[in-house]
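To start, the structure itself, in structure tokens.
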Amino acid sequence: MISRAYHATLFALYQLCIVIGIVAMPLAIAARQAGLTLPIHRLIESVEGAYESAQR
């Protein structure tokens, strides 16, 4: 039961991170033009890795 809840929570977190990345896209484009980068991809990759390891 806890494993199922953990898996569902990671899935929801992963989906939320993707939505945040999509919503932050205009800000990321503006930051890139200013010479800065936003580390949103690191957040998505780490949550994706946790989600995939929980599936095993």
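The values are calculated or read from the model by the stated rules, or taken from the named source; none is laboratory data. All values reported here derive from a predicted model rather than from experimental measurement. All Cβ positions, glycine included, derive from the backbone under ideal geometry; neighbour counts span all protein chains shown. Areas reflect the complete protein model, heavy atoms only, side chains present, ligands, DNA and RNA absent. Shrake-Rupley method; radii C 1.70, N 1.55, O 1.52, S 1.80 Å.
Annotations for the structure displayed:
- Any hit, segment 22-35, residues being open to solvent by less than 80 Å² (accessible area, probe 1.4 Å), at pLDDT 85 or above and either of a type in the set (V, I, T) or in contact with a strand residue (DSSP E or B) (Cβ under 8 Å, 6 or more places away or on another chain) (or both): no
- One residue alone among I44, I40, I18, I2 is open to solvent by 80 Å² or more (accessible area, probe 1.4 Å) and at pLDDT below 90, and that residue is I2.
- Meets criteria (in contact (Cβ under 8 Å) with a residue 24 or more places away in the chain and of a type outside the set (S, T, N, Q)) for I18: yes
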